[in-house]
Amino acid sequence: KVLFLLLVTPYVVDVEAGWKDPNLVLKPNGGGWEQYPLENLGNPMPPVDDKWKSPEASIVVLIAALREGRLPETLLSMFDNAKYPDRIYAGVVQQNAEGDLDAVVAVCQSRGRPVIKHENSGKGLFENPNNCKEFNQIRMIRMDVSEAAGPVYARGRQPELLEDNDDFCMQIDAHTIFKKDWDVMMLEQWGACRNEYAVLSTYPTNYKDLYKNSNHHWEMPHLCKASVGSNGLVRNAQASAVANLEQPILAPLWAAGLSFSRCHAEKNVPNDLNLRHIFTGEEFARGARLWTHGYDFYTITRPIIGWRSNREESHASARRIATLLHAKGSDQSPEAHANLGFF
């Protein structure tokens, strides 16, 4: 309980501010904006080197994917939008069923350089006769869907894909879209923290808003609230907001959908392999472990990656149910009923 209080109150905001002022934090319960005093960022241990400034600094993007058909699009967006794609690697824990398209196969097919699967290769070993460039930049753990044990278990295997000379690691969801030059932006944001143990983390914005100045003062999701359930598990609440940030600011909570840091964070404090089939509380648990190992969380100043939801499919499903139940205002056309088919 004491740990929880410390995590959710890392700073005090007490400066009233206007809409266009810099470094804004939304007051609790949406009661206007306050200005974040940058002196509260303290004096953390500075980066041990300036590798973050180098075009040769490697970035390993860690992804756990369960039968995710959007994973190839995520990988292509990652490579295509990096300013220096040669330094980008993906570390993918893929959990597929028989007949699902392998991510490496899909990426190389899209490049017009198909790979060839070895006969009797079990979970998938491929040759690269057509010199698909990304073939050597996508590190894979291939699991059968029957071996899946939830997102934390899959993420817990991600460190198996890391190498000793990897510089920076970035955990994301398997349905993510990247902004142009995202690699340089993320490294600049990390460098601006002036903290070797900085972890950039928040809930990504919608991918359609990647180039949008939200509410005309660059609003960004900011994690600052959590709740304790009856079972004692702590769950992140819906993101609040910050705006007009001049540099990343401290946040009390960690998010699984975006976590960017030196790779030593993934090695020193990996996801817990023993947390199987759990969704509630896993973010706070990892955040607590990272924080007690000396890592600090920061909210980024601008959108850099975006979360691609299945909102269109969800809305289509809602319309289908409304047609079935003859809900007010629903589509009751012959075509809509024909589309219900057997159901």
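Taking each residue as 0.36 nm, the span from Asp181 to Asn213 lengthens on full extension beyond its C-alpha to C-alpha distance by 9.8 nm. Say the dipole of region 205-343 comes from +1 at the beta carbon of Lys and Arg and -1 at that of Asp and Glu; which of Phe284, Met220, Ala256 then lies farthest toward its positive end? It is Phe284.
For Thr301, the solvent-accessible surface with a 1.4 Å probe is about 10 Å², rounded to the nearest 10.
Charge dipole of region 80-187 (Cα centre as origin; +1 on each Lys and Arg Cβ, -1 on each Asp and Glu Cβ, all else neutral): 280 debye, rounded to the nearest 20. Distance from the C-alpha centroid of region 96-162 to that of region 289-343: 27 Å, rounded to the whole angstrom.
Once amide H atoms are placed 1.01 Å from N in the peptide plane, what residues at a sequence separation of 5 or more from Ala256, or on another chain, have their amide H within under 5 Å of its amide H? Those lying under 5 Å, H to H, from Ala256: there are none. Taking every protein chain into account, the 1.4 Å probe leaves Ile116 with about 90 Å² of accessible area, to the nearest ten. Along its first, second and third principal axes, ordered by size, region 121-201 spans 46, 35, 27 Å in Cα coordinates. Only one residue of Ser146, Val60, Asn131 has its Cα farthest out toward the positive end of the dipole of region 35-183, where Lys and Arg carry +1 and Asp and Glu -1 on Cβ, and that residue is Asn131. Heavy atoms of the protein chains alone define the surface here; on that basis region 171-316 has 41 Å² accessible area per residue at 1.4 Å probe size.
Given a Förster radius of 41 Å and the C-beta distance between Ser54 and Glu98 as r, what FRET efficiency does 1/(1 + (r/R0)^6) yield to the nearest 0.05?
Efficiency, rounded to the nearest 0.05: 0.45.
Computed 3J(HN,Hα) for region 280-295, one whole-Hz value per residue from the Karplus formula 6.51 cos²θ - 1.76 cosθ + 1.60 where θ = phi - 60°, is 8, x, 5, 5, 5, 5, 5, x, 4, 5, 4, 5, 6, 9, x, 8, glycine and proline marked x. Each peptide in 93-106, 227-240 was scored by the mean count of other Cβ atoms within 10 Å over its residues; highest first, the order is 93-106, 227-240. Taking only the C-alpha atoms of the chain, the Rg (one decimal) and the largest Cα-Cα distance, Dmax (whole number), read 21.7, 67 Å. Amide hydrogen proximity for His222: with H placed 1.01 Å from N in the peptide plane, the residues at 5 or more positions away or on another chain lying under 5 Å are Ser240, Ala241, Val242.
Whole-Hz Karplus values for region 176-185 come out as 10, 10, 9, 7, 4, 6, 4, 5, 5, 4 Hz, taken residue by residue from phi with 6.51 cos²θ - 1.76 cosθ + 1.60 and θ = phi - 60°; glycine and proline positions read x. Computed on protein heavy atoms with a 1.4 Å probe, the accessible areas place Arg111, Arg139 in the order Arg111, Arg139, largest first.
Computed per residue of the chain from DSSP H runs no shorter than four, each worth -39500 (n - 2.57), the mean residue ellipticity at 222 nm is -6500 deg cm²/dmol. Rounded, prolate or oblate: which fits region 236-280, taking a ≥ b ≥ c as square roots of the Cα gyration tensor eigenvalues, rounded meaning a/c under 1.5, else prolate when a/b beats b/c? Oblate shape, in that a/c is at least 1.5 and b/c is the bigger or equal ratio. For region 252-334, what are the per-bin percents of Cα-Cα distances with bins 5 Å wide, up to the bin holding the maximum? Binned Cα distances yield the sequence 3, 11, 16, 14, 12, 10, 7, 8, 8, 6, 4, 1, 0.
On full extension, the segment bounded by Asn206 and Ser314 gains 37.4 nm, given 0.36 nm per residue less the C-alpha separation.
Run the numbers on the chain and let me know its relative contact order in percent, using alpha-carbon pairs under 8 Å that are six or more apart.
Relative contact order for the chain comes out at 21 percent.
Distance between the pseudo-spin-label points of His326 and Asn339 (7 Å out from Cα toward the beta carbon): 2.0 nm.
Note on Asn268 and Lys133: with the Förster distance fixed at 35 Å, the Cβ-Cβ geometry gives a FRET efficiency of about 0.65.
The values are calculated or read from the model by the stated rules, or taken from the named source; none is laboratory data. Values in this document were obtained by computation on a predicted structure and should not be read as measured data. Heads up, the Cβs are rebuilt from the backbone with ideal geometry, glycines too, and the neighbour counts pull from every protein chain shown. Quick note on the areas: whole protein, heavy atoms, side chains included, nothing else; ligands and nucleic acids left out. Shrake-Rupley method; radii C 1.70, N 1.55, O 1.52, S 1.80 Å.
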